[in-house]
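See structure below.
The values are calculated or read from the model by the stated rules, or taken from the named source; none is laboratory data. Bear in mind that the values here come from a model prediction, so they are computed numbers and not experimental data. Ideal geometry is used to build each Cβ from the backbone, glycine not excepted, and the neighbour counts take in all protein chains shown.
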Amino acid sequence: MAFKGNETYKYNPEKEFKLSRGGVEKFIKCKRCFYIDRKLNIKGIGTPPWRLNTAVDSLLKTEFDAYREKKKPHPYMKETGKNLIPYQHEDLDDWRQNFKGVRYFDKELNFTLYGAVDDVWYDIDTEELVVVDYKATSTQKEITLEDDWKISYKRQLEFYQWALRKNNFKVSDTGYFVYCNGIETSDSFDNNMKFEVYILDHKGTTKWIEPVLKEIKEVLDSEEIPAVNEDCETCSYVSSTGKL
């Protein structure tokens, strides 16, 4: 059985290397898995697509776009206490596409960085762009951003803030998550799933991004595979099966 490959990294000053926001997150979680994927062209074990989440994303985009056309605030925006409307820009459709996204070329690293944002709002009072990310789940726990694993959500939003700033946009430090929680306690299904929607704010910091990008460059230019990461499930699995 052949491993499924992807675009691998080779140092070439004449050709930029494309690196997505997801690729940056993969590096943060495990340098070894990132290196094996991007340098040795051995793709890791994939996960099934989250179709329900994708459907919620699509419905939210359609709903916000209706208000975008009217140049009026969506009711969710009023919960922030700010004077916000959906942002209009000729490149918005590209910014939302997975393999296009908000893009920035770093000449020093020879990297094209990109990430697909869910939505962008506009603060009329401050004239700043506001990055927005949609999330969907179904839980009876309190909906917050404080779970340890949600640090990746925060980094995701911060990456989009950074990329938009690199494209010379004025961007607010505060972004929002439109968090949709499917209600599990209804008396009947009736071909409908009801959601409670939470608007959660996050004040982002982007100071971590450029040091991480430089570290990625150093790791990719090295011929040495990074050490096993004991906190990585994939590394742990491969190491355990090797011992067996």
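Some observations on this one:
- Where LYS170 falls short, out of the listed (1) under 29 Å from ARG38 (Cα atoms); (2) surrounded by fewer than 15 Cβ atoms within 10 Å (Cβ to Cβ); (3) at pLDDT 95 or above: (1)
- The residues on offer are LEU129, LEU164, and the sole one that is in the same structural domain as CYS180 (by TED's automatic domain parsing), over 25 Å from TRP50 (Cα atoms) and either part of a strand (DSSP E or B) or of a type in the set (S, T, N, Q) (or both) is LEU129.
- Screening region 32-61 for residues that are out of contact with any strand residue (DSSP E or B) (no Cβ under 8 Å at 6 or more places or on another chain) and aliphatic (A, V, I, L, M) and picking the one that is surrounded by the fewest Cβ atoms within 10 Å (Cβ to Cβ) gives ILE45.
- Failed item in (1) farther than 25 Å from GLY81 by Cβ; (2) loosely packed, with under 13 Cβ neighbours inside 10 Å, with GLU196 passing the rest: (1)
- Selection status of VAL171, in contact with a helix residue (DSSP H, G or I) (Cβ under 8 Å, 6 or more places away or on another chain) and either among the charged types (D, E, K, R) or outside the structural domain of VAL24 (by TED's automatic domain parsing) (or both): yes
- In region 90-141, the residue that is surrounded by the fewest Cβ atoms within 10 Å (Cβ to Cβ) out of those that are β-branched (Val, Ile, Thr) and within 24 Å of LEU220 (Cα to Cα) is THR112.
- Annotation note: Cβ proximity below 6 Å between a residue of region 117-136 that is at pLDDT 95 or above and a residue that is assigned to a strand (DSSP E or B) and of a type in the set (Phe, Trp, Tyr) (sequence gap 6+ or interchain) occurs for ASP118/TYR134; VAL130/TRP121; VAL132/TRP121; VAL132/TYR176; ASP133/PHE177; LYS135/PHE177; LYS135/TYR179.
- Scan of region 78-101 for residues that are in contact with a strand residue (DSSP E or B) (Cβ under 6 Å, 6 or more places away or on another chain) and within 30 Å of PHE17 (Cβ to Cβ), ordered by number: TYR87, TRP95, GLY101
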